[in-house]
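> Below is a structure I'd like to ask you about.
The values are calculated or read from the model by the stated rules, or taken from the named source; none is laboratory data. These numbers come from a predicted model, not from an experiment. Neighbour counts run over all protein chains shown; Cβ positions are idealised from the backbone, glycine included.
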Amino acid sequence: MASGLSQPGPRPWSLARLLAPHDADLFLRHYWETAYLHVDRGDPGYYADLVTLRDIDALVATSNLEAGQIRAAGGPLGPAGDPDEDAEAQPALAGGAARGRASTSPGGPEWLYEQFRAGSSLVLSFLQGRSAALRDFCNDLGRELSAGVQANAYVTPAHAQGLAAHYDTHDVFVVQVAGTKVWKLYDIPVPVPLNSQHYRREEHAPSAPPVVVEVAAGDVLYVPRGLVHEAQSTDAVSVHLAVGVLTLTWADVLHAAVDDVARRNPAGRRALPTAFARDADARSMAVDGVSSALAQLRRRAEPAALIDRMAAVAMSRLTPDVDGYLCGIAAGPELDLTTPLDRHDRDTWSVDLREDGRLVLASGTRRLSMPARLESELEWLVTAPLPVSAADLPGTLAAEDRLVLFRRLVSEGFLRLPGTGQGAPSSAPASAARAASTAVSSAAADSGAPAPSTR
């Protein structure tokens with residue numbers, strides 16, 4: 001257990017900031033995928049710039065039951081401190097299984113609050129798609145861990161439990177926002193389970209006494225996948241984020257290798273011997289075929305290409321930052337050489353040269369093919385101080401070509417007007433904000449032709 005007082009700093013988020021003052025490198029060496037870690041800070045406001053009880057309150061009020069954004073689960077604890085015995089089995093959000101009442105009955109917000117008053121927890125799903133702060137947090141962490149990261153919130157009334165004992169098939173950081181929860185941590189019946197290896201009570205129910213950990217506001221608890229756990233609130237409302245890390249595994253690499261080799265080699269796509277399931281000779285042929293296929297896989301698989309493919313998959317799991325996208329498209333025809341612009345996903349831009357001689361500009365989950373002659377201009381845009389304008393672009397591009405390039409980057413979601421996204425830089429001058437506002441207003445009144453394609 002790590003303890004101490006540490007104040008959060010500005011973006012970006014990182015594993016080090018999430019776990020501070022515990023050392024992130026030590027965590028990866030000694031806890032990641034194998035053991036729980038509780039960081040006890042004694043600092044209730046540590047995550048205040050990420051999410052607060054007021055933020056969660058607003059999200060509950062605007063959540064849609066029918067769209068699956070929120071549900072009620074669990075109930076009050078019985079006299080013995082156990083979940084309500086009337087609870088029914090329900091799947092957990094990302095592959096585990098848990099016991100607890102859960103419903104998406106279309107009763108509206110008042111129905112939700114009625115369930116909450118009766119002891120049910122409110123579960124808000126995939127908040128990284130509804131909160132810019134949580135999107136940035138999940139993306140920052142996802143880039144560092146080369147994984148998808150999602151954030152669900154659990155709001156539990158006093159003396160209640162949302163989910164019964166279970167394990168998850170993904171790693172979880174429990175970020176306690178308000179109140180306190182008592183966690184019971186059992187054993188790991190299935191180390192690092194695959195997504196398909198769900199918790200089954202009849203097989204995996206814990207038999208040994210748990211380790212009991214009290215997690216207070218401002219603390220974080222790491223729960224590796226496969227660790228059986230359950231949590232109960234104490235004498236006040238509890239709010240925590242379950243930050244799920246969706247890692248890529250060596251099994252994923254092997255699946256990708258088989259897929260890649262089979263796509264390039266017709267032999268890998270042929271059917272097994274027709275009688276292999278009923279005839280001994282055909283079965284023997286099939287066994288020899290497996291040995292041959294594995295040998296071909298070893299010879300033909302391209303390790304570097306497979307890791308590049310996994311990297312692309314990991315980055316595709318980030319949540320797109322599209323703040324200001326529509327404002328930029330609307331303003332496109334009115335953009336001029338001096339219009340200040342910001343980068344979407346400003347920390348993740350990259351430019352790579354493909355084998356066919358074209359460039360690929362990448363930003364977050366976006367990819368755009370561009371002509372190789374623009375390499376120096378795009379490389380400059382990757383690191384240029386913000387805001388940028390077409391007039392600032394170094395090189396010999398004509399004014400008209402600069403406008404074509406910048407309008408294309410705005411229309412494709414790579415650039416945006418400062419002040420139209422929550423990630424916009426606070427240092428953008430007032431003139432930039434006025435120019436952006438003027439451009440949007442002018443575009444709204446003018447249906448000018450779209451910017452020409454940069455090809």
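> Kindly indicate the residue of segment 336-361 that is over 22 Å from PRO12 (Cβ atoms) and either among the charged types (D, E, K, R) or modelled with pLDDT under 90 (or both) and also surrounded by the fewest Cβ atoms within 10 Å (Cβ to Cβ) among those meeting that condition. Let's see the steps before the verdict.
Taking segment 336-361 and keeping what is over 22 Å from PRO12 (Cβ atoms), we get 336-340, 352-360.
Okay, now just the ones that are also either among the charged types (D, E, K, R) or modelled with pLDDT under 90 (or both), so 336, 352-358.
Working: ASP336: 13, ASP352: 10, LEU353: 11, ARG354: 10, GLU355: 5, ASP356: 7, GLY357: 8, ARG358: 14.
Among them, the one singled out is GLU355.
> Let me ask you something else. Can TYR186 be described as buried (at least 23 other Cβ atoms within 10 Å of the Cβ) and at pLDDT 95 or above?
no
> Is there a residue in segment 219-234 that is under 29 Å from the mean Cα position of the chain (by Cα), under 25 Å from THR348 (Cβ atoms) and not assigned by TED's automatic domain parsing to the domain that holds PRO76?
No, segment 219-234 contains no residue that is under 29 Å from the mean Cα position of the chain (by Cα), under 25 Å from THR348 (Cβ atoms) and not assigned by TED's automatic domain parsing to the domain that holds PRO76.
> State whether the residues of segment 290-311 include one that is among the aliphatic types (A, V, I, L, M) and closer than 30 Å to VAL410 by Cα.
Yes; the residues of segment 290-311 include at least one that is among the aliphatic types (A, V, I, L, M) and closer than 30 Å to VAL410 by Cα.
> Report the residue count in segment 285-334 for those that are surrounded by 17 or more Cβ atoms within 10 Å (Cβ to Cβ), more than 22 Å from the chain's Cα centre (by Cα) and under 28 Å from PRO418 (Cα atoms).
7
> Continuing with this model, one more query. Pick from segment 379-390 the residues that are of a type in the set (A, V, I, L, M, F, W, C) and in a helix (DSSP H, G or I): which of them is nearest to ASP352 (Cα to Cα)? Before you say what the answer is, go through the steps one by one.
If we filter segment 379-390 for residues that are of a type in the set (A, V, I, L, M, F, W, C), which is where we start, we get 380-382, 384, 386, 388, 390.
Filter once more, so that each one left must be in a helix (DSSP H, G or I): 380-382, 390.
On the way: TRP380: 13, LEU381: 13, VAL382: 12, ALA390: 22 Å.
Result: VAL382.
> For segment 310-321, indicate whether the set of residues that are in contact with a Phe, Trp or Tyr (Cβ under 6 Å, 6 or more places away or on another chain) and free of Cβ contacts under 8 Å to residues at least 40 places away in the same chain is non-empty. Let's see the steps before the verdict.
From segment 310-321, those in contact with a Phe, Trp or Tyr (Cβ under 6 Å, 6 or more places away or on another chain) are none; that's our starting set.
Looking through segment 310-321, none of the residues is in contact with a Phe, Trp or Tyr (Cβ under 6 Å, 6 or more places away or on another chain) and free of Cβ contacts under 8 Å to residues at least 40 places away in the same chain.
> Kindly indicate the residue of segment 319-359 that is hydroxyl-bearing (Ser, Thr, Tyr) and assigned to a loop (DSSP other than H, G, I, E, B) and also farthest from LEU393 (Cα to Cα) among those meeting that condition.
The qualifying residue farthest from LEU393 (Cα to Cα) is THR319.
> Moving to a separate point now. Assuming SER376 fulfils every condition listed in (1) touching a residue at least 40 places away in the same chain (Cβ under 8 Å); (2) of a type outside the set (Val, Ile, Thr); (3) in a helix (DSSP H, G or I) apart from one, which condition is it?
(1)
> A follow-up question, please. Among the residues of segment 205-225, which ones are over 17 Å from ASN152 (Cα atoms) and either surrounded by 23 or more Cβ atoms within 10 Å (Cβ to Cβ) or of a type in the set (Asp, Glu) (or both)?
Across segment 205-225, the qualifying residue is only GLU214.
> Further question on the same structure: Select from segment 232-261 the residues that are part of a strand (DSSP E or B) and polar (S, T, N, Q) and write down the one among them that is nearest to LEU297 (Cα to Cα). Full working, then the answer.
Let us first name the residues in segment 232-261 that are part of a strand (DSSP E or B), namely 232-233, 238-246.
Remaining after also requiring polar (S, T, N, Q): 232-233, 238.
Working: GLN232: 49, SER233: 51, SER238: 51 Å.
It comes out as GLN232.
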